[in-house]
Amino acid sequence: MHPRLASLPMYLAKRPAVTALWDLLRQSLADAGLQRMPEALTWPDDYHAHWLKPDLLISQTCGYPFTDDLAGKVQLLGAFAYDAPHCKGIECRSVLVARAEHGHLGVEGFRGQRAAFNAPNSQSGYNAFRTLVAPLAVKGRFFASALETGSHGASVAAVREGRADLAAIDCVTYAALARYTPQATEGLCIVATTEAYPGLPLITAKGTSAAEIALLQNALRALLTSAEAAPTLQALNILGFETPQASVYQRCVDMRESAQALGYPRLA
């Protein structure tokens, strides 16, 4: 039997710490008797295809695809709580990032300017951004243009380099960029934050058994009280682990629907 798949592909500002986190979790799961565990994490190119693999043991996705393309096709394990500005428990917000020269502007002041976003299926970079701007849009438009960049880091770079004027960045990502690559955020400022929403879901395959899910959740909880894991958790700004009901992610759907109801179905 082939090993199952494991990945933690979303917060990679300190990739060695992500690898170390898996090593710790893997040992805990092995001690608990879980079978077919991979030695190393997978680093997927196609996230969506990876998340739908029937042998997925654990991964981290985004709240928007969890309620959209992945709805009913994966199971929720829980979510980490992060130690970053604008986080509270597993809830977080997106920070709206602009160049310092625009630091005096509110969101309304960016009417007719250029937006940047990582991907249209991102809760933090697109859905929350769209919801914030929707009440200000006129006939479905607020920005002069909206640039898809492919990642939060690329959106930050687009603003910093003058190719865009405003981007919504996951607050955990932005805190990690400021911590580990401060040059990436040099000359930038936060001008606003979005509504709060639940953070990145940890998921497993639809076919993962209830007993295996319990083992995974127990191992994740145990990490938070492990002295051995403490430096790795601190490096990743992880404060806690919670097991909410999947229904808490309905907030992502509500945000999308509220923007659509205001005649603002896409960031524009």
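Before moving on, here are some points about what is shown:
- Residues being of a type in the set (D, E, K, R), closer than 15 Å to THR194 by Cα and out of contact with any Phe, Trp or Tyr (no Cβ under 7 Å at 6 or more places or on another chain) - total across the range 117-174: 1
- Test: GLU148 is in contact with a Pro (Cβ under 8 Å, 6 or more places away or on another chain) and among the charged types (D, E, K, R): yes
Here is a yes/no grid of residues against (1) among the hydrophobic types (A, V, I, L, M, F, W, C); (2) at pLDDT 95 or above:
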| position | (1), (2) |
| --- | --- |
| ALA6 | yes, yes |
| ALA13 | yes, no |
| PRO16 | no, yes |
| ALA100 | yes, yes |
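- Condition check for THR149: hydroxyl-bearing (Ser, Thr, Tyr), farther than 29 Å from ARG15 by Cα and within 19 Å of the chain's Cα centre (by Cα): no
- Residue in the range 185-202 that is under 21 Å from LEU8 (Cβ atoms), among the small types (Gly, Ala, Ser) and touching a residue at least 60 places away in the same chain (Cβ under 8 Å) present: yes
- Looking at ARG251, ARG179, ARG163, just one residue is part of a helix (DSSP H, G or I), open to solvent by 10 Å² or more (accessible area, probe 1.4 Å) and farther than 30 Å from LEU24 by Cβ, and that residue is ARG251.
- Of all residues in the range 203-235, those that are among the hydrophobic types (A, V, I, L, M, F, W, C), under 23 Å from CYS171 (Cα atoms) and open to solvent by 30 Å² or more (accessible area, probe 1.4 Å) total 2.
- Matching residues, the range 204-233, being free of Cβ contacts under 8 Å to residues at least 24 places away in the same chain and farther than 30 Å from LYS73 by Cβ: THR225, ALA227, ALA230, PRO231
- Count of the range 80-107 residues, restricted to those that are under 27 Å from LEU223 (Cα atoms), in contact with a Ser or Thr (Cβ under 8 Å, 6 or more places away or on another chain) and buried (at least 20 other Cβ atoms within 10 Å of the Cβ), is 3.
- Filter result for SER59 (polar (S, T, N, Q) and open to solvent by less than 40 Å² (accessible area, probe 1.4 Å)): yes
- Qualifying residue in the range 42-56 (condition: loosely packed, with under 15 Cβ neighbours inside 10 Å, among the small types (Gly, Ala, Ser) and closer than 28 Å to GLU148 by Cα): yes
- Across the range 113-149, the number of residues qualifying as among the aromatic types (Phe, Trp, Tyr) and not in a loop (DSSP other than H, G, I, E, B) comes to 3.
- Set GLU108, GLU195, GLU186: member being over 30 Å from VAL74 (Cα atoms), in contact with a helix residue (DSSP H, G or I) (Cβ under 7 Å, 6 or more places away or on another chain) and either in a loop (DSSP other than H, G, I, E, B) or not basic (Lys, Arg) (or both): GLU108
- Of all residues making up the range 66-79, the number that are open to solvent by 10 Å² or more (accessible area, probe 1.4 Å) and of a type outside the set (Asp, Glu): 8
- The set of residues in the range 1-41 being surrounded by fewer than 18 Cβ atoms within 10 Å (Cβ to Cβ), among the small types (Gly, Ala, Ser) and assigned to a loop (DSSP other than H, G, I, E, B) consists of ALA32, GLY33, ALA40.
The values are calculated or read from the model by the stated rules, or taken from the named source; none is laboratory data. Treat the numbers as computed from the prediction; the structure is a model and nothing was measured. Reconstructed Cβ throughout: ideal geometry from the backbone, glycine too, with neighbour counts over all protein chains shown. Heads up: the accessible areas ignore ligands, DNA and RNA and are worked out on the full protein's heavy atoms, side chains in. Shrake-Rupley method; radii C 1.70, N 1.55, O 1.52, S 1.80 Å.
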